[in-house]
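Chemist: Next up is a structure, given as structure tokens.
The values are calculated or read from the model by the stated rules, or taken from the named source; none is laboratory data. Please read these numbers as outputs of a predicted model, since none were measured by experiment. FYI the Cβ positions are ideal-geometry reconstructions off the backbone, even for glycines, and counts take in every protein chain you see.
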2 protein chains.
Amino acid sequence: MISVQQALHIIDTTKIVHHIKKVKISKSLGFILAEDILAPINMPSFRQSAMDGYAIIWSDNTDYKVTEESKAGDAKHITLQPLEAVRIFTGAKVPDTADTVVMQEHVSKHADGIRIIKMPRQGANVRPVGEQVHAGDKVLTEGTRLNEAAIGFLAGLGISKIAVYNTPKVSVLVTGNELQTHGKPLKDGAIYESNSVMLKMALQRFGIKKIKIFKAKDTLKATNKAIKKALDYGDILLISGGISVGDYDFVKEALDYNHVNELFYKINQKPGKPLWFGKKDQQFVFALPGNPASALTAFYVYVLPILKKYSGFSDYHLPRLQAKLNSAFKNTTGKTLFLKGYCKDGNVGILPSQQSSMLNTFATSNVLVTIPEDVENLEAQEHVTCINLDGYGN
Amino acid sequence: MISVQQALHIIDTTKIVHHIKKVKISKSLGFILAEDILAPINMPSFRQSAMDGYAIIWSDNTDYKVTEESKAGDAKHITLQPLEAVRIFTGAKVPDTADTVVMQEHVSKHADGIRIIKMPRQGANVRPVGEQVHAGDKVLTEGTRLNEAAIGFLAGLGISKIAVYNTPKVSVLVTGNELQTHGKPLKDGAIYESNSVMLKMALQRFGIKKIKIFKAKDTLKATNKAIKKALDYGDILLISGGISVGDYDFVKEALDYNHVNELFYKINQKPGKPLWFGKKDQQFVFALPGNPASALTAFYVYVLPILKKYSGFSDYHLPRLQAKLNSAFKNTTGKTLFLKGYCKDGNVGILPSQQSSMLNTFATSNVLVTIPEDVENLEAQEHVTCINLDGYGN
């Protein structure tokens, strides 16, 4: 048995080889950029009007003859003479010979043209080529998480495809003779299986698309075979149940049989003590406790960081925050506790029913309150470290 | 022109009719539950062993004969006699006549059976029927956001389908002759269109699946027609560009033509001043500024709350947080400013390049610093309200 600190140290020091793929920008939401992006064009790529108004060659004169019109998207080349003006709109190309745009509010129209009431400085309201971005500038760096703004920015530079760190394929293997799928009346002695859909949703929320569910009965042969198949599919394998020490828990033996090497087994924590983490070449395996809330706790604290590391995140743990405990708490277990809590405005309350088989408390919690193994008494108003479950999906 | 406060008041008081649909639980991630859930079964539904050990009829005797075995998932009915024991495993059915489970660590085996070294209290390690949940109990309430824990919990109750508030279908209409799709060399006078993919990603991140992109050239006829088609598809319509007062901005006229009624137009803010919000029966229309960062700001502050209200969220604004400003700031505009910032550990810095056409600053920001229209001078270390962009995807 190791401590939570030791287990997290193993997670932190586990080296993971990244996989890079090229994707269309419209398929890149949530991925981590695997390359620096250099601007392929200037922005703007032509001299652009910043206003609706009139383009002129700047002079001391106030009266100009309006010869043409240039609106956004027009490609035509207009050559302007002194004392001529071109009606122009925001975003439109400024004629090469013009150097200034007078905003329409500072102009009065008359029969032959316009009179400028308030002459701006020479060069006003003309955005020079490359004002925002010069071709060749590094505009996004490797490691950036691709959100709607980053993807829009890439589109604005005309970029269609980019290199991202691929997310892992994940196998979920559920073991247990007692498990029955929801939707049919419950058989005697059976319970409804919930961990496969729970883990699938947790994986989807993080952005994993390729997930396959496997099931195995409680025999060594079935478990050996199912682990083999699950390893054939996934980069990461999550096993639910079968890792405690009961006579009918074959998972540990079957992992040995499949040459998956143990990195740790059993953590001095509650819930989620019988957690097993191992490795086979570049595949990683977690055997999670069968109890739903234990499995989900282990997922947030240990599995998600490995998924995020694999996917190129440098900041791969769920965010931690400090909050004041609403009421005193005693930890008589000698274990690190992860307690479902609700945090608002810096104050956190520990929710009732923390049993490891009850998921509904998780449904209404937004933090996991972490109480270290060596802390016995916490007074009300003391600060505790909380794992922020709201920081999950981003 | 109205203030930000007035605009938000209109968003808050806009009534939206909800649409409810039945979905499979595996398709319900991120939706809001539209019904209270009553447990259809007891949990556990049979008397369950909490330990690996031996089931007995409690007595003063220490020696018991082992007659049978009961493992998790076994349905058979075992009738136990006094001084008999059944080998039993965690989660397995306790025989009807047994009342106590002795954990295996407190038992020694011998040729004829077992000797109990430490006798527990009568009834120990037997989970009674309905210990966690009684059939008929209200276990989840209408308004719960369905995350992996809630969905797992429903699966554990055997529930396959639930009623959720449907999310809207969204049309995105992009206007502008100057706009060109990424992937081909840029034509003279053109710019790469980025708002459609940016808005699509922002919608997808929130969980909207049904999104259709429409495009229109800058003519009244084309705009009329495109708005009609976009309204035929979507419950909510986002229009990008064409809402300022240039001679070639036809959107406002075309919205009138399509009988969309204005709820507000123009907000005393920067960026995103020329924002238009309107309604046609139960359809809502936002005409967003064409500049990408302005459009995205308007999306976070006004569009997302309407999408969330539509989808049944009671808490529909992005979370606000208070942070200390890193350095002094002057607001000489008389407008409410939404400034891209980066907040860490309660301190926030305003990022450089706040221009409304630049999206890359958004890609690295995690908050929008809000500076009210009537605040001119902010000292370093003063508290400001920030819109938390990290609270988005949940």
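Chemist: Inside segment A:378-391, can you point out the residues that are of a type in the set (S, T, N, Q) and surrounded by fewer than 16 Cβ atoms within 10 Å (Cβ to Cβ)?
Modeler: Of everything in segment A:378-391, those that are of a type in the set (S, T, N, Q) and surrounded by fewer than 16 Cβ atoms within 10 Å (Cβ to Cβ) turn out to be A:GLN381, A:THR385.
Chemist: I'm trying to understand the selection: among the residues of segment B:276-326, which are in a loop (DSSP other than H, G, I, E, B), at pLDDT below 95 and more than 24 Å from B:PHE31 (Cβ to Cβ)?
Modeler: Result: B:PRO289, B:GLY290, B:ASN291.
Chemist: Before we move on, is A:ILE243 β-branched (Val, Ile, Thr) and not in a loop (DSSP other than H, G, I, E, B)?
Modeler: When the stated conditions are applied, A:ILE243 does not pass them.
Chemist: Identify, from the list B:ARG121, B:ARG87, the residue that is part of a strand (DSSP E or B), outside the structural domain of B:ALA216 (by TED's automatic domain parsing) and farther than 30 Å from B:VAL303 by Cα. Break it down into steps so the answer makes sense when it comes.
Modeler: Details: B:ARG121 fails: part of a strand (DSSP E or B).
Sole residue among the options that is part of a strand (DSSP E or B), outside the structural domain of B:ALA216 (by TED's automatic domain parsing) and farther than 30 Å from B:VAL303 by Cα: B:ARG87.
Chemist: Now, a different point. From A:VAL348, A:VAL369, A:VAL375, grab the single residue that is crowded, with 19+ Cβ neighbours inside 10 Å and farther than 25 Å from A:GLY241 by Cα.
Modeler: Residue meeting the stated conditions: A:VAL348.
Chemist: Turning to a different aspect of this structure: May I ask you to say which residue of B:GLU131, B:GLU142 is over 25 Å from B:THR67 (Cα atoms), part of a loop (DSSP other than H, G, I, E, B) and within 10 Å of chain A (Cβ to nearest Cβ)?
Modeler: Being over 25 Å from B:THR67 (Cα atoms), part of a loop (DSSP other than H, G, I, E, B) and within 10 Å of chain A (Cβ to nearest Cβ) holds for just one of B:GLU131, B:GLU142, which is B:GLU131.
Chemist: Would you check if A:LYS200 is surrounded by fewer than 16 Cβ atoms within 10 Å (Cβ to Cβ) and assigned by TED's automatic domain parsing to the domain that holds A:PRO292?
Modeler: No; evaluated as a whole, the condition is false for this residue.
Chemist: Now, a different point. How about segment B:17-32: which of its residues are surrounded by 20 or more Cβ atoms within 10 Å (Cβ to Cβ) and within 13 Å of B:TYR310 (Cα to Cα)?
Modeler: Within segment B:17-32, B:PHE31, B:ILE32 meet the criteria.
Chemist: While we're looking at this one, here's another question. Looking at this structure, is B:ILE159 outside the structural domain of B:LEU304 (by TED's automatic domain parsing), at pLDDT 95 or above, hydrophobic (A, V, I, L, M, F, W, C) and surrounded by fewer than 23 Cβ atoms within 10 Å (Cβ to Cβ)?
Modeler: yes
Chemist: Can you pull out every residue in segment A:4-29 that is more than 14 Å from chain B (Cβ to nearest Cβ) and either assigned to a helix (DSSP H, G or I) or of a type in the set (Lys, Arg) (or both)?
Modeler: Passing the criteria: A:VAL4, A:GLN5, A:GLN6, A:ALA7, A:LEU8, A:HIS9, A:ILE10, A:ILE11, A:ASP12, A:THR13, A:LYS15, A:LYS21.
Chemist: Looking at A:SER311, is it buried (at least 20 other Cβ atoms within 10 Å of the Cβ), within 14 Å of chain B (Cβ to nearest Cβ) and of a type in the set (Gly, Ala, Ser)?
Modeler: Criteria not met by A:SER311.
Chemist: Can you tell me which residue among B:ALA149, B:ALA230, B:ALA163, B:ALA222 is more than 9 Å from chain A (Cβ to nearest Cβ), under 25 Å from B:PHE313 (Cβ atoms) and assigned to a helix (DSSP H, G or I)?
Modeler: The match here is B:ALA230.
Chemist: Spot the failing condition for B:ASP36; the list is (1) without any contact (Cβ under 8 Å) to a residue 60 or more places away in the chain; (2) of a type in the set (Asp, Glu); (3) more than 10 Å from every other protein chain (Cβ to nearest Cβ); (4) touching a Lys or Arg at 6+ places or on another chain (Cβ under 8 Å), and only one is missed.
Modeler: Every listed condition holds for B:ASP36 apart from (1).
Chemist: For segment A:169-216, which residues satisfy the criterion of being within 21 Å of the chain's Cα centre (by Cα) and on the phi > 0 side of the Ramachandran plot?
Modeler: Answer for segment A:169-216, where residues must be within 21 Å of the chain's Cα centre (by Cα) and on the phi > 0 side of the Ramachandran plot: just A:GLY207.
Chemist: Of the residues A:GLY234, A:GLY272, A:GLY207, which is surrounded by fewer than 19 Cβ atoms within 10 Å (Cβ to Cβ) and in contact (Cβ under 8 Å) with a residue 40 or more places away in the chain?
Modeler: On inspection, the qualifying residue turns out to be A:GLY207.
Chemist: Exactly one of these conditions fails for A:TYR302: (1) surrounded by fewer than 16 Cβ atoms within 10 Å (Cβ to Cβ); (2) out of contact with any Lys or Arg (no Cβ under 7 Å at 6 or more places or on another chain). Give me its number.
Modeler: Status for A:TYR302: all satisfied but (1).
Chemist: List, please: which pairs have Cβ atoms under 6 Å, are six or more places apart or on different chains, and start with a residue in segment B:249-266 that is in a strand (DSSP E or B) and end with one that is aromatic (Phe, Trp, Tyr) and surrounded by 17 or more Cβ atoms within 10 Å (Cβ to Cβ)?
Modeler: B:LEU263/B:PHE277; B:PHE264/B:PHE277; B:TYR265/B:TRP276
Chemist: Go through segment A:63-94 and give me each residue that's closer than 17 Å to A:ALA124 by Cβ, facing chain B (nearest Cβ under 9 Å) and not hydroxyl-bearing (Ser, Thr, Tyr).
Modeler: Those that are closer than 17 Å to A:ALA124 by Cβ, facing chain B (nearest Cβ under 9 Å) and not hydroxyl-bearing (Ser, Thr, Tyr): A:ARG87, A:PHE89, A:GLY91, A:ALA92, A:LYS93.
Chemist: So which of A:ILE236, A:ILE267 ends up being under 21 Å from A:THR223 (Cα atoms) and of a type in the set (A, V, I, L, M, F, W, C)?
Modeler: Checking each option against the conditions leaves just A:ILE236.
Chemist: Here's another thing I want to ask about it. Based on this model, can you work out whether B:SER356 counts as under 22 Å from B:GLN5 (Cβ atoms), modelled with pLDDT under 95 and of a type outside the set (D, E, K, R)?
Modeler: Values: under 22 Å from B:GLN5 (Cβ atoms): yes; modelled with pLDDT under 95: yes; of a type outside the set (D, E, K, R): yes.
Yes.
Chemist: Being at pLDDT 95 or above and on the phi > 0 side of the Ramachandran plot is the filter here, so list the residues in segment B:54-98 that pass it.
Modeler: Result: B:LEU83, single match.
Chemist: Can you tell me which residues in segment A:197-219 are at pLDDT 95 or above and at the interface with chain B (Cβ under 8 Å from one of its Cβ atoms)?
Modeler: Within segment A:197-219, A:VAL197, A:MET198, A:LEU199, A:LYS200, A:MET201, A:ALA202, A:GLN204 meet the criteria.
Chemist: Return the pair list, or none, for Cβ contacts closer than 6 Å from residues in segment A:173-191 that are outside any loop (DSSP other than H, G, I, E, B) to residues that are small (Gly, Ala, Ser), at least 6 apart or on different chains.
Modeler: A:LEU173/A:ALA226; A:LEU173/A:ALA230; A:VAL174/A:SER196; A:VAL174/A:SER240; A:THR175/A:ALA216; A:THR175/A:GLY241; A:THR175/A:GLY242; A:GLN180/A:ALA190
Chemist: Does A:LYS324 satisfy the criteria of being within 22 Å of A:ASN261 (Cβ to Cβ) and more than 26 Å from the chain's Cα centre (by Cα)? Step through it out loud before you land on a result.
Modeler: Numbers: within 22 Å of A:ASN261 (Cβ to Cβ): no; more than 26 Å from the chain's Cα centre (by Cα): yes.
When the stated conditions are applied, A:LYS324 does not pass them.
Chemist: Just for segment B:163-174: of the residues that are β-branched (Val, Ile, Thr) and out of contact with any helix residue (DSSP H, G or I) (no Cβ under 6 Å at 6 or more places or on another chain), which one is farthest from B:TYR248 (Cα to Cα)?
Modeler: My answer is B:VAL164.
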